[in-house]
Amino acid sequence: MTQTRVLTGITTSGTPHLGNYVGAIRPAVAASLDPGVESFYFLADLHALIKVQQPERVQRSTLEIAATWLACGLEPDKVWFYRQSEIVEIPELAWFLTCVAGKGILNRAHAYKAAVDKNDAEGVDEDAGITAGLFMYPVLMAADILVFNAHKVPVGRDQIQHIEMARDFGQRFNHLYGEHFVLPEALIEESVATLPGLDGRKMSKSYDNTIPLFAPREQLKKLIYSIVTDSRAPGEPKETEGSALFQIYQAFASEEETQAMRRAFAEGIAWGEAKQALFERIDTEIAPLREKYEALMARPQDIEAILIDGAQRVRERYGKAHMRRLREAVGLRDLSTAGGISLSEETKAEAVPVFKQYREADGQFYFKLAIEDDVLLQSRGFAAPKDIGQLIGRAKSDASAQTLDALLAASEAVDADARERVARALDAIRRAEEAARAAKAAAQERAAS
């Protein structure tokens with residue numbers, strides 16, 4: 001059975017909290033039990049360096065997060081579990097991708113734009129305090145995904161843009177050097193809860209409103225009792241809509257328990273009683289995990305051994321061989337295989353047309369066909385990126401008039417001259433891809449001999 005590769009990472013910049021558990025860890029561990037899924041879980045310690053300059057904090061967070069995943073049921077012998085910095089192929093691939101990534105695309109990255117907007121609002125230079133690490137974050141994330149050719153990446157809606165960028169960088173590389181990368185898809189779990197924090201806003205380290213996942217029992221109780229509620233007295237009906245307390249309870253309770261709490265709200269349960277019920281419900285689920293977590297934290301050498309073993313195995317299985325092929329593809333080759341080829345004998349390559357896929361603010365997906373900055377064809381909006389992918393795939397492989405007509409029908413109107421230019425561009429793409437496949441086959445034959 002063909003397995004779907006699903007990759008999940010968590011940045012090692014803080015202590016895991018209930019929101020991480022409900023939104024990422026618990027569903028990811030459950031998904032890892034699916035025999036049709038090949039799961040990759042990694043500790044994103046290189047990403048942590050973008051915003052954390054305290055070495056002890058990075059180290060402690062890495063230990064805590066690794067122990068959390070293991071305590072919550074992740075089985076390292078059944079999944080790929082590793083530390084990002086142990087996979088040396090990732091930063092090497094990040095450089096390859098940097099050399100094909102468009103700066104204009106990176107300029108539009110949400111995190112970078114938010115930092116620039118903040119500087120503009122404060123009246124300082126727009127790049128003040130912004131590191132190249134923050135700017136290049138999407139490229140490193142793309143390398144995390146593409147190094148193992150992951151098919152799906154579970155992310156929140158605010159991270160969809162990064163998956164689209166990974167697709168763009170992978171597609172550009174494939175266009176230049178042959179088909180080496182699977183283009184990943186964002187996996188959005190609509191049913192996964194986003195927990196509110198103590199103050200009602202999204203639970204986040206940035207807001208300092210989190211409840212640590214493995215807080216000692218008495219601290220957990222104290223934090224839960226500090227959740228902000230309104231001033232309604234015992235006996236007064238209470239609204240579940242917008243109630244942080246109810247939303248957190250719902251994330252841990254069964255459907256029957258949730259309905260019972262909904263009735264209790266309507267009947268005027270006292271806030272203290274509701275908080276006690278929430279505490280008991282959370283502690284029932286977390287207490288046995290907390291015990292495992294504390295045992296793991298007492299033996300950090302065991303966690304280190306698990307992570308090193310995971311990194312070594314996944315590199316041997318996938319990383320090293322993939323990177324060898326990529327190095328060959330870009331020309332970082334054994335010089336003894338050059339066979340006396342002279343650069344003066346090579347012809348200068350013409351610019352090859354390329355399809356570019358992207359998503360606009362209206363939520364629709366688009367593509368354009370361009371030769372460098374010259375746009376030959378601009379699509380209309382599509383609801384799903386897979387429809388674009390199928391249409392482009394057909395255009396790259398089928399030279400029939402029907403395929404050309406389908407492509408033009410999906411695009412803004414063009415005149416007869418432009419239609420002819422599009423037809424020639426498609427021919428150029430097909431020739432380039434055929435040449436790339438031939439070059440790849442030759443390289444593989446050389447490597448095997």
May I ask you to derive the relative contact order of the chain, considering only C-alpha pairs under 8 Å and at least 6 residues apart, and to give it as an integer percent? 14
Alpha-carbon spread of segment 46-148, three principal axes, descending order, Å: 51, 31, 20
Please compute the per residue accessible area over the chain with all protein chains in place, 1.4 Å probe, rounded to a whole number of Å². 52
Charge dipole magnitude, Cβ of K and R +1, D and E -1 - the chain, Cα centre, debye nearest 20: 660
By its C-alpha gyration tensor, with a ≥ b ≥ c as the square roots of the eigenvalues, how is segment 1-104 shaped: rounded for a/c under 1.5, else prolate for a/b larger than b/c, else oblate? oblate
Please go through the residue pairs K386/K440; K103/K320; K78/K222; K113/K205 and name each one whose alpha carbons sit more than 31 Å apart in this structure. K78/K222
Taking the Cβ of Y207 as the centre, find all other residues whose Cβ is under 13 Å away and add up their charges (Lys, Arg: +1; Asp, Glu: -1). +1
Checking L187, L213, L407 against a Gaussian network model of the chain (alpha-carbon springs below 10 Å), the top fluctuating residue turns out to be L407
The farthest towards the positive end of the charge dipole of segment 18-111, of the residues I90, A111, A101, given +1 on Cβ of Lys and Arg and -1 on Cβ of Asp and Glu, is A111
Rule-of-thumb check for the chain: C-alpha Rg over 2.2 N^0.38 Å? 1.15
Please list the non-local residues whose amide H lies under 5 Å from the amide H of L377, H modeled 1.01 Å from N, same-chain partners needing a gap of 5 or more. L369
Karplus couplings for segment 116-126 from phi (6.51 cos²θ - 1.76 cosθ + 1.60, θ = phi - 60°), rounded to Hz, Gly and Pro as x? 5, 4, 5, 5, 4, 5, 8, x, 10, 3, 4
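In the chain, what percent of the accessible surface is made up of carbon and sulfur (1.4 Å probe, ligands and nucleic acids excluded)? Write down the numbers at each step before the final one.
Details: 11920 of 23270 Å².
Answer for the chain is 51 percent, counting heavy atoms of protein chains only.
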Test of understanding: express the Cα radius of gyration of segment 188-339 as a ratio to 2.2 N^0.38 Å, with N the residue count. 1.65
Go through K205, K440, K222 and list them by solvent-accessible area, largest first, probe radius 1.4 Å. K222, K205, K440
Take every Cα-Cα distance within segment 352-395, group them into 10 Å bins from 0 onward, and report for each bin the whole-number percent of pairs it holds. 28, 55, 16
List the trypsin sites (Lys or Arg not before Pro) within segment 15-76 that DSSP assigns to loop and that have no more than 14 neighbouring Cβ atoms inside 10 Å. K51
Give me a comma-separated list of calculated 3J(HN,Hα) values for segment 207-215, in order, Karplus coefficients 6.51, -1.76, 1.60 applied at θ = phi - 60°, integers in Hz, x for any Gly or Pro. 8, 6, 10, 8, 10, x, 4, 10, 4
For segment 207-294, diffusion coefficient by Stokes-Einstein and Kirkwood Rh (Cα), 37 °C, 0.692 mPa s, µm²/s: 242
Cα-based Rg of segment 46-87 per 2.2 N^0.38 Å, rounded to two decimals? 1.28
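The values are calculated or read from the model by the stated rules, or taken from the named source; none is laboratory data. Keep in mind that what you see is a predicted model, and the values were worked out from it rather than measured. A quick note on method: Cβ atoms are made from the backbone with ideal geometry, for glycine too, and the neighbour counts reach across all protein chains shown. Calculation scope for accessible area: heavy atoms of the full protein, side chains included, ligands and nucleic acids excluded. Shrake-Rupley method; radii C 1.70, N 1.55, O 1.52, S 1.80 Å.
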